[in-house]
Every structure is written in structure tokens, then in C-alpha cells.
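Student: Let me begin by handing over the structure; questions about it come next.
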Amino acid sequence: MKILLSKPGLDGHDVGVKVLAHALREAGFDIFYTGLRKSIEEIVNQAREVNADMIGLSILSGTHVIICQRMQEVLDEEGVTIPWLVGGNIPLEDLEMMEGCGATAIFPTGTKIDEVVTFLKEYQTV
Amino acid sequence: MKNPDKNEGNGKLPNLMTDDMKKVLLESGIEVKSLYTKEDVEKSEADHNLPGEYPFTRGIHPLMYRKRPFTIRQYAGFASPEETNKRFKFLIENGQTGLNVAFDLPTQCGYDSDNPKAFGEVGRVGMAVDTLDDFEIAFDGIDLDKITVSLTINGAAIVLMAMYFALAEKRGFDIRTLRGTAQNDILKEFIGRGTWIFPVGTSVKLVVDTVEYCARNVPKYSPVSVCGYHIRESGANPVQEMAYAFSIAKAYTDETLKRGVDIDEFASRLSFNFDIYGNLFEQIAKFRGGRRLWAKIIREEYRAKNDRSSWMRMIAGGGGGGLTKEQPENNIIRSAYYALISALSGTQTMALCSYDEAYTIPTEKAAELSLRTMQILIHEMGICDTVDPLGGSYYVETLTDKFENKIRAEMKKVEAMGGIVAAITTGEIQDIISHQAYDREKRIQGGDIPKVGVNIFQREETPKSVEFHPYNAEATDFQVEKLRKMRKKRNSKKVNQCLNLLREDARNDKNLLPPVIEAVKEYATVGEIIQTLKDVYGEYEEPIFF
């Protein structure tokens, strides 16, 4: 399974996304990481280029709702159906709205690495 | 996963906390004995130095807090300059003695509030600044003579420093007497934090421009605060935190010397920003050993004559990496210990992370608690009564010596990579640190590194709502509208002249702070100035390592 991890927006906190990249690679996934400050258009294009099966967005600056809305718009406009995940500083109140935008799963701060790995392995087999 | 509460049920602590025969290894690789005696320090340097005397192991001043407590400088800033001004006044009214300004991400990355890249980010993690007008609003009614201001800005530092100097001049200050600090440590932004803009070489040039300008024109201002903090947060161990920060400080120093500025004209204005979390004694030794080593580097390698040049002045107290989202109130207690560590280490300035920072911008209540933590330490605990109270401790002095040597050895490793600038440009440092961050996270999740509430003494918590600092979505419209009005009101012809001059000076490799100051005085925007420089220098391309 190919996963494209990215940091949308201007947030520079990349410790978490890199930790996850290491962990997922170790768990056998094929990982691409885009680096910082990518627009949603850039992320979706790159996901298509590398033929990603999943996109993972890491957001710690509080812009997660806006980014999810934009994600939905761009995917719709481009007719792309790659599933996507969000991780980061996400308050409980925002989960419903983000799922409403089409996020497959959301992993707020405090999520254990194993939970993400297990989720992806199960997703893969479904 | 270990859970003594649930599994053992007899109040017994996990063996790693009681078995003193077990090997104790600090994060920095130092093995700890169960007892230290006089014999351990006989070979130490501990005996022959006093506070205020070279090499300053025991503190940079003879009297330290007995004369004046450390400065309290909580990080603050959000939404518009108007709202930030209110929070500043709240903090000052409550006894804060310095300001530490947070900027929003568009400002930090050099975009104006109306740039499409700024959408949704305006005023979110700090205050939005587009023009000098915003600085005039943010510092309205604040006496720059009494309250020193620290600007937490890096990629766009040259613009924000220019605004601060322009503001001071407009208020009638002689900038030769102006005090304050800019973070302005771009090299660490490539390692952690990530608000870089220009390629590495250009980025260093811009920092050195500000150091050179300040040495000649604003001699009391601290133009750079070199940050071990974010390097540690990104995965470095305490030895690497110090070693990389010192290597970075040396890189700025070497380049400044090439401009013909004497070491004693600027070294005393370099300062440091360090992290505190982890083992209490290890952190204290880190600062004491680091302070001694930095003094030796400046005097022995750079031949500084003035003692002040070799002072390792620092801000320390925060340690976001040690705080947890689980049982967030525990962070209040952790931060109080970090404050104690910082004071026992002889810090000049203290800022604590607020307990809710693991998930939001501090609420007013959380910010107040941080302030009170430091005030209780100063006023109730006797921390200011005597200098370096741990001086002479067999354990602390032994660790201090070991730290000095370990930091020195780690700096040699950086030199072997071709120096810190090369090691950052290739991404080698980032690679080392990111592997360590992963390793640490695995050890926390596996229970090897005990974290209360995370892997021991957990409590089943039903996810619940927590109090958030509210985001003001209207702040964007307000800020953008103000920017539009300013663009109409200002003298566009003069702005263009200033930007053309800046472009010309950039092409001719001149010091760019003077033309940037001229541009901000005409209300050129952060985005316009940064874009002008991008046209000449291009932008940084991040090497991808994980």
C-alpha cells in the first residue's frame, strides 16, 4: 500500500509526521513524504503522480477544518477518489465536520502509532 | 503496556523506579552512580570559579537573583495587533516584566494577510503583521523603556526587526540605547520549526546583516537568540541540543567576523534559547557545563577580551516535548519543575509552556497560571536568596564536567560533517534527529521511558471537550481590510523606490537592514519586502528525510 504523507498549509511542526513515516515504513508500507507547506492542489497532484492508495495530512496549527473543506473541493473538482486521513491537534468538536468532508479517519494528538498501523492494515484487507 | 494502577493493585511502583542496582543511563549517555562523594569532584573544575567569574559555571553575575530575579517573559500574541495589545497589557498588569511576541504563520513565512497562501492562517497562532502600522497598534501604550520586547521571528526577522527599530525611532528613542531581542536564528528553522524562506546561504547572510548592523548602530539590542530548544524538540538529546546550538552560534560568529566586526563588539549580544524536559539534574548540568564551555570557546578560540562576550545568556523554562495531552493538568506540575530547574541553572529569562499548549493556544487562565508558577518560585521559595545553590554538589559538579566534555565531542562530530551549515544543507543533521525522535516515541509507547498518565498511572479517560482559546475568523477580514486601506493611504511611489533600492542592494550584496528599515517606514508590507528578496535570492528547497 502506497501512502503519501504531507503537511498542508504553513505549519512547520513535522516531528509527528516524520515519526509516523518511519513507523509506517517499518510496518511495510510504501511511504512518500512531500515536506512542508504544500497546497491541497500540490498534494492531490503528487498523490496521483505516485499512484498513492492513501493520503495522510498532518496539521497542528488549527487549520484542519478549512483544510478538510478544501480537500473535499479539490478532490471533487479533479474527480479523484483517493481516501485520506488527518492527524494532529484536533478537538473533539471538529471530528464530525471533518468526517463530513470525507476524511476516512482522524487521529488526534495522543493516538498511539500502533492504532494507525492497525487501522491501515485492516483498511488494506477490506 | 505497564499499568501499575491496574495490574498490581498493591501500590507497588514499577521496578524501574525503585531498583537502584539497575543501570541508570541518562539520555546523554552518561551512566549515573548511586552515590557521589568528594573523590568524584577532586579532579573537577568546581573549586576554582565563582559566580560572575570566568568561565561562569556558577552563573554570569556575582549576585544573580539576589540582585534581580530572572525576567518573566511568557510567549503571547494572537489575532489582530489590537487584540494582542490587550493581552500584552493584561500580562504586564499581572506582573510580567518582558514581552515575547508570537506572530502568525503568514507573517513568519513572509506572506501578507491577503495572500492566498495565508487563507485560514491569519492571526491563528500569533499576531498578524503586514505593515509598521500593525506594530504601532500592538505596542500602543507600552513603555519600550521599561518592558523589553522579544520578537519570535526567524525567516522574516529582518523585516520585523526593521519595524521595531522604525517604531522606536518614531517614538523618539535613540536606538543606540534600545534593548530587546529577536529570535532570528534561521539555521535551527531548517532543523525544526520550519519557517525558512530563503536558501541556507542567503538565510545566514540575512542574520549576519542584522548582527553587523546592531553591533554598529543598536549596540544594546540582542539580534539573535540561538535556539537549542527547537532542535531538542525535534529529537536531539540534551548534548546535541547544546552542541548544535553552539555550532550554529559559531557559524554566525565566523561570518560576522568576516565583515570586520570585532568579537567584543557583538558576542555579548548573542543569546540562547534552551529546552527543559527530562532528568532534572541532567538539565542543570547541561546548562552549567554548557555555560562553561561557551565561555571557553569565546575566550580561547575567538580571543575575546571582554568577559561579557563569553557569557552564555539564556531564556529557558519551556519544554513542550515533555508535556502530554493525557491528564493535561499534570503539565502544570511538570512546568513548575521545569521552572525550578531553570532557576537552579541560572537562567536570565524564563518562559513556561502553559498546560493546555499540547492542544491549543493558551487560554488567559492557563497563561496566568504560568505567570503565577514563576512568581511563587521567586517570592515564596527562596530561590533568589543565594547564588547557584547546587554549586559544590558532588553529583551536579561531576555531571557538569561530563557535559562540558560531551558537548565538545559532539561539536567535533559536526565539524567532521563539514560544519553545521553544510550538515544542515545536506539534511544530515535533520536525518539524525528524525531517527532519534522516532526511537524516543517508540520507547515512550513501549513503556521504556516512563511518562505519567501516558504509559504509567493512566486513567481511563472518556474523550471530553476542553476549553479552547477561540479563533477569531473575522480577524482575517479585519486585517485584510486594514491592509487594503493602508495600500491606498501610503505613498506608493516612495514604497516602490524603497523596494527598488532594496533589490539593488541585494544584488550588490550590501547589508540589507538599512534599505529594509527605509521600506517599512514607508509602510511597505512584509510580503512585498520578502518577495523582493525572493526575486533576487530564490527560495529554499527542503531535502526530504525521514
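The values are calculated or read from the model by the stated rules, or taken from the named source; none is laboratory data. These figures come from a predicted structure and were not determined experimentally. Glycine gets a Cβ as well: all are built from the backbone with ideal geometry, and neighbour counts include every protein chain shown.
Student: How many residues are under 19 Å from B:Q479 (Cα atoms) and either at pLDDT 90 or above or part of a helix (DSSP H, G or I) (or both) if we restrict to the stretch B:69-87?
Tutor: Residues meeting the conditions: 7.
Student: Sticking with this structure for a sec: Taking only pairs six or more apart or across chains, which ones have beta-carbon atoms under 6 Å, a first residue in the stretch B:520-544 that is at pLDDT below 95, and a second residue that is buried (at least 19 other Cβ atoms within 10 Å of the Cβ)?
Tutor: Close Cβ pairs (under 6 Å, with a partner that is buried (at least 19 other Cβ atoms within 10 Å of the Cβ)) amount to B:I544/A:Y33.
Student: Those residues that are closer than 24 Å to B:T360 by Cα and either polar (S, T, N, Q) or under 11 Å from the mean Cα position of the chain (by Cα) (or both), I need them from the stretch A:41-63; list them, please.
Tutor: If the condition is that a residue be closer than 24 Å to B:T360 by Cα and either polar (S, T, N, Q) or under 11 Å from the mean Cα position of the chain (by Cα) (or both), then A:G56, A:L57, A:S58, A:I59, A:S61, A:T63 are the ones that fit.
Student: Among the residues that make up the stretch B:194-206, is at least one of them assigned to a helix (DSSP H, G or I), under 14 Å from B:Q108 (Cβ atoms) and either under 14 Å from the mean Cα position of the chain (by Cα) or away from chain A (no Cβ under 14 Å) (or both)?
Tutor: For the stretch B:194-206, residues assigned to a helix (DSSP H, G or I), under 14 Å from B:Q108 (Cβ atoms) and either under 14 Å from the mean Cα position of the chain (by Cα) or away from chain A (no Cβ under 14 Å) (or both): present.
Student: Oh, and also: Take the conditions buried (at least 18 other Cβ atoms within 10 Å of the Cβ), touching a strand residue (DSSP E or B) at 6+ places or on another chain (Cβ under 8 Å) and modelled with pLDDT under 95 and apply them to A:L60. Does it pass?
Tutor: yes
Student: Another question, if that's okay. So which helices (runs of 4 or more DSSP H) are wholly in the stretch B:103-172 and hold at least 3 residues that are touching a helix residue (DSSP H, G or I) at 6+ places or on another chain (Cβ under 6 Å) and within 14 Å of chain A (Cβ to nearest Cβ)?
Tutor: none
Student: Test each condition in (1) surrounded by 21 or more Cβ atoms within 10 Å (Cβ to Cβ); (2) in a loop (DSSP other than H, G, I, E, B); (3) of a type in the set (A, V, I, L, M, F, W, C) for B:V261 and report the one that comes out false.
Tutor: Here B:V261 meets the rest and fails (1).
Student: Looking only at the stretch B:179-192, count every residue that is over 26 Å from B:T532 (Cβ atoms) and part of a loop (DSSP other than H, G, I, E, B) and tell me the total.
Tutor: Residues in the stretch B:179-192 being over 26 Å from B:T532 (Cβ atoms) and part of a loop (DSSP other than H, G, I, E, B): 2 in total.
Student: Here's another thing I want to ask about it. With the requirement that a residue be of a type in the set (F, W, Y) and more than 17 Å from B:I376 (Cα to Cα), what does the stretch B:326-366 give you?
Tutor: Answer for the stretch B:326-366, where residues must be of a type in the set (F, W, Y) and more than 17 Å from B:I376 (Cα to Cα): just B:Y359.
One line per residue, one yes/no per condition, for (1) closer than 27 Å to A:E41 by Cα; (2) buried (at least 22 other Cβ atoms within 10 Å of the Cβ):
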residue	(1), (2)
B:E53	no, no
B:L63	no, no
B:P69	no, no
B:K89	no, no
B:I92	no, no
B:L99	no, yes
B:P106	yes, yes
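Student: Is at least one residue of the stretch B:513-523 within 30 Å of B:N279 (Cβ to Cβ) and either among the aliphatic types (A, V, I, L, M) or in contact with a helix residue (DSSP H, G or I) (Cβ under 9 Å, 6 or more places away or on another chain) (or both)?
Tutor: no
Student: Do we find that B:A304 is crowded, with 18+ Cβ neighbours inside 10 Å and touching a strand residue (DSSP E or B) at 6+ places or on another chain (Cβ under 8 Å) in this structure?
Tutor: No, not satisfied.
Student: Counting just the residues of the stretch B:520-539 that are crowded, with 18+ Cβ neighbours inside 10 Å and more than 13 Å from B:A156 (Cβ to Cβ), which one comes out nearest to the other protein chains (Cβ to nearest Cβ)?
Tutor: B:Y537
Student: Another question, then. Within the stretch B:399-441, track down each residue that is within 14 Å of chain A (Cβ to nearest Cβ) and not polar (S, T, N, Q).
Tutor: B:G427, B:I429, B:D431, B:I432, B:I433, B:H435, B:A437, B:Y438, B:D439, B:R440, B:E441, listed by residue number.
Student: Would you say B:P223 is within 22 Å of B:G98 (Cβ to Cβ) and either out of contact with any Pro (no Cβ under 8 Å at 6 or more places or on another chain) or modelled with pLDDT under 95 (or both)?
Tutor: Spelling it out, B:P223 is indeed within 22 Å of B:G98 (Cβ to Cβ) and either out of contact with any Pro (no Cβ under 8 Å at 6 or more places or on another chain) or modelled with pLDDT under 95 (or both).
Student: Do you know which residues across the stretch B:307-353 are under 22 Å from B:A76 (Cα atoms), of a type in the set (D, E) and modelled with pLDDT of 95 or more?
Tutor: Result: no residue meets the conditions.
Student: Filter the stretch A:12-36 for residues that are out of contact with any helix residue (DSSP H, G or I) (no Cβ under 7 Å at 6 or more places or on another chain) and in a loop (DSSP other than H, G, I, E, B) and give the result.
Tutor: A:G12, A:H13, A:D14, A:G28, A:G35, A:L36
Student: Another question, if that's okay. Looking at the stretch B:328-350, which of the residues that are under 28 Å from A:I59 (Cα atoms) and surrounded by 24 or more Cβ atoms within 10 Å (Cβ to Cβ) is farthest from the chain's Cα centre (by Cα)?
Tutor: Ranking the qualifying residues of the stretch B:328-350, first place goes to B:N331.
Student: Return yes or no: is A:K2 surrounded by fewer than 24 Cβ atoms within 10 Å (Cβ to Cβ), away from chain B (no Cβ under 13 Å) and of a type in the set (K, R)?
Tutor: Judged against the criteria, A:K2 is a match.
Student: Going by the conditions given, is A:A23 more than 14 Å from chain B (Cβ to nearest Cβ) and buried (at least 18 other Cβ atoms within 10 Å of the Cβ)?
Tutor: Taking the combined requirement at face value, the residue does not satisfy it.
Student: List the pairs whose first member sits in the stretch A:8-34 and is over 19 Å from A:V117 (Cα atoms), whose second member is modelled with pLDDT under 95 and among the basic types (K, R), and whose Cβ atoms are under 8 Å apart, counting only residues at least 6 apart or on separate chains?
Tutor: That search, which allows pairs on different chains as well, returns A:L10/B:K117; A:G12/B:R193; A:H13/B:R193.
Student: So, one more: With A:L75, A:L5, A:L60 as the choices, which residue is touching a residue at least 12 places away in the same chain (Cβ under 8 Å), under 17 Å from A:V117 (Cβ atoms), touching a Gly at 6+ places or on another chain (Cβ under 8 Å) and of a type outside the set (K, R)?
Tutor: Testing whether each residue is touching a residue at least 12 places away in the same chain (Cβ under 8 Å), under 17 Å from A:V117 (Cβ atoms), touching a Gly at 6+ places or on another chain (Cβ under 8 Å) and of a type outside the set (K, R) leaves just A:L5.
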